[in-house]
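The values are calculated or read from the model by the stated rules, or taken from the named source; none is laboratory data. Values in this document were obtained by computation on a predicted structure and should not be read as measured data. All Cβ positions, even for glycine, are placed from backbone atoms using ideal geometry, and neighbour counts span all protein chains on display. These area figures cover heavy atoms from the full protein model, side chains too; ligands, DNA and RNA do not enter into them. Shrake-Rupley method; radii C 1.70, N 1.55, O 1.52, S 1.80 Å.
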Amino acid sequence: MTARGEEGEQGATISALSSVSLDPLMLLICLNRRSSTCRAIEHSGRFGVSILRQSQEAVAMHFAGPAKDKQFDDYCIRQEDGLFFVCDALVQIGVEVVETLRGGTHEIFLARPVHVAMNSDSEVGPLLYYRGAFDLAS
């Protein structure tokens, strides 16, 4: 996930993205309220989703690290509308927040996709995370 807020560009690796509804099309993500990425999404009301390809484990680990250590120039491509995504991601989805709910320590963002771009390389699968490890099998 990537978003721009009052603290600048922020990003986080999440382990789950859910489809909530097909009509209207809506997605769901959850982020810890203390995270800078959560604050950026709350501030901007929109964010970028990058579904990583199998070969991007290092990118996933980079964005899973502390906010102060994250660099964006080497990893991201910026769009004219201000959203930004991981370079060469399998899928890039720009979304607008429709509703925010509170769930324990996390904010639950219900969001509507406003644009989707898919990588033309259909032979590559997504990076999967299962039982505490990346599954690199095809």
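Quick check: is even one residue across region 77-85 among the small types (Gly, Ala, Ser), closer than 17 Å to His43 by Cβ and modelled with pLDDT under 95? Yes, region 77-85 contains a residue that is among the small types (Gly, Ala, Ser), closer than 17 Å to His43 by Cβ and modelled with pLDDT under 95. Please go through region 76-96 and give me each residue that is more than 13 Å from the chain's Cα centre (by Cα) and either among the aromatic types (Phe, Trp, Tyr) or surrounded by 17 or more Cβ atoms within 10 Å (Cβ to Cβ) (or both), ordered by number. Correct list: Asp88 only. A count restricted to region 2-19 and to residues that are surrounded by 15 or more Cβ atoms within 10 Å (Cβ to Cβ) and touching a residue at least 40 places away in the same chain (Cβ under 8 Å) stands at 8.
Every condition in (1) within 17 Å of Ile108 (Cβ to Cβ); (2) free of Cβ contacts under 8 Å to residues at least 40 places away in the same chain; (3) touching a helix residue (DSSP H, G or I) at 6+ places or on another chain (Cβ under 8 Å) is met by Arg39 except one, and the failing one is (3).
Restricted to region 114-136, and to residues there that are open to solvent by 100 Å² or more (accessible area, probe 1.4 Å) and aromatic (Phe, Trp, Tyr), the residue that is farthest from the chain's Cα centre (by Cα) is Tyr130.
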